[in-house]
Amino acid sequence: MLFTIKIYEEPIIGFPRKIESPTLGVVKPRETIRRHICRFCGNPLTHSLVDLGMSPLCESYLTEKQQAEEELFYPLDVKVCDKCYLVQLDQYVSPEHIFTEYAYFSSFSDSWLKHASDYADMMVDRFGLGTDSFVVELGSNDGYLLKNFVAKNIPCLGVEPAKNVAKAAKKIGVPTRVKFFDSVVARKMADKGKHADLIIGKNVLAQVPGLNDFVEGIKILLKPDGVVTIEFPHLMALMEQNQYDTIYHEHFCYFSYLTIEKIFTAHGLALFDVEELSSHGGSLRIFAGHAEDGSKPVSNRISQLREKELAAGYADMETYTRFGHQVEESKRALLSFLIQAKREGKTVVGYGAPGKGNTLLNYCGIRKDFLDFTVDRSPYKQGKALPGTHIPIYPVEKIDEVRPDYVLILPWNLKEEIMEQMARIRDWGGKFVIPIPTTTVID
Ligand SMILES: [Zn+2]
């Protein structure tokens, strides 16, 4: 199937009045942007993957004052395009609102830091990067990844829209530009001769509102024999392992291999390798170069994954329409567990305050009536409350103080690490609960 890229005028459906939001400040009607057309191919979106109801933006943690004020909720109704099978969300708030002050500091996860340093070593070895190379990371967060290249004296640049995390990156010596990456930024860099040997995008593509423009920017910025690697949660893992909680307003797109291949191909980029990773519950790392660059051998893994997705029905609308029922059943299972635990007088608390926890708790309607509090290692979140559910966030030590019967692990993708760190809850008979793919209690 051939895809033509067109620039679409975004239909704007605004609120009738200006709205004051405790978390977002003044939201003007023009910032309420909705699309009913596919972000990639422009096809009208008529199929729903799953409707998770109304939810606030999952990274808008609330101060005490904000908890007493009104809060904005937006529909979390996921659509799937019946032409290119891109799974996507309508956009309600401009990315500037989401990312100017971003609460997720990558450096607070040990396993993610290890993943980043392993990646840097692998790329340097495989593609022979050195002191005359140039590495660019799009959405470089607090510099957790690029610092590995800095340590190897490989010139690099982070492009990161959120000022607070960019500041943290600069502090540790990672050159960072506070910008949204797009084709204009890429063109400016390219015009100055700043083409990249390696472009990295780790968990950023899903958060890009202008998908086609972003990929076009990669095409512009990449050296003729350069390599781009993009990591993103794999839609197949999301659907098969029921990871509906990884859907949130800040993530506009969810990619299968089949769809990402169509998108890159449409922009003159050719995929030559793909790795299936365990990070974020199952991710893909794709490797691409210019379509004109014939120097990269194409790995067998490309055709294997393509076949795997085709065999599993990812080019068939029926596969997508089944997902909603599976999600509803998962909600019933979690609520059954919580209702029973509370009836038995047990104490249930959360561990972690990740975005995914907010989708889960809001969709399932779990508030302080089921979960007394949650804890998080990030000082940025401590003392605040979760959006929508207003569950308070404390430092981790609160668990030792309260000695709960159950600890519900919200960032289940880090469950091994967390269960190891928190093994001491077993001293008082505490148990871990994992909500995804199905509610599981671990002694
Ligand atoms: Zn489409």
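The values are calculated or read from the model by the stated rules, or taken from the named source; none is laboratory data. Here the structure is a predicted model, which means the values were calculated and not measured. Here the Cβ is made from the backbone with ideal geometry for all residues, glycine too, and neighbour counts use every protein chain on show. Calculation scope for accessible area: heavy atoms of the full protein, side chains included, ligands and nucleic acids excluded. Shrake-Rupley method; radii C 1.70, N 1.55, O 1.52, S 1.80 Å.
Numbers at a glance
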item	result
Candidates Gln340, Gln382, filtered to the one that is over 19 Å from Asn242 (Cα atoms), in a loop (DSSP other than H, G, I, E, B) and among the polar types (S, T, N, Q)	Gln382
Unique residue being small (Gly, Ala, Ser), in a loop (DSSP other than H, G, I, E, B), at pLDDT 95 or above and surrounded by 15 or more Cβ atoms within 10 Å (Cβ to Cβ) when the list is Gly388, Gly350	Gly388
Filtered residues of the range 32-81 (kept if farther than 22 Å from Ile366 by Cβ, open to solvent by 40 Å² or more (accessible area, probe 1.4 Å) and of a type in the set (Ser, Thr, Tyr))	Thr46, Ser48
Test: residue in the range 10-21 that is open to solvent by 10 Å² or more (accessible area, probe 1.4 Å), within 16 Å of the ligand (Cβ to nearest atom) and either at pLDDT 95 or above or closer than 24 Å to Ile393 by Cβ (or both)	no
The range 67-83 residues that are more than 10 Å from the ligand (Cβ to nearest atom), paired with ones that are among the β-branched types (Val, Ile, Thr) (beta carbon under 6 Å, 6 or more apart)	Val78/Val50; Val78/Ile247
Meets criteria (open to solvent by 20 Å² or more (accessible area, probe 1.4 Å) and farther than 23 Å from Glu420 by Cα) for Arg343	yes
Residue pairs meeting the criteria (Cβ under 9 Å; at least 6 apart or on separate chains; first farther than 16 Å from Pro392 by Cβ, in the range 329-358; second open to solvent by less than 10 Å² (accessible area, probe 1.4 Å) and small (Gly, Ala, Ser))	Gly355/Ala103
1 or more residues without any contact (Cβ under 8 Å) to a residue 24 or more places away in the chain and among the basic types (Lys, Arg): qualifying helices (runs of 4 or more DSSP H) within the range 140-229	163-171, 183-191
Output for the range 146-168, where each listed residue is at pLDDT 95 or above and in contact with an Asp or Glu (Cβ under 6 Å, 6 or more places away or on another chain)	Leu146, Gly158
Residue tally, condition assigned to a strand (DSSP E or B) and within 16 Å of the ligand (Cβ to nearest atom), over the range 37-64	5
The range 172-193: number of residues that are at pLDDT below 95 and basic (Lys, Arg)	1
Odd one out for Glu307 among (1) in contact (Cβ under 8 Å) with a residue 12 or more places away in the chain; (2) farther than 26 Å from Leu113 by Cβ; (3) in a helix (DSSP H, G or I); (4) not aromatic (Phe, Trp, Tyr)	(1)
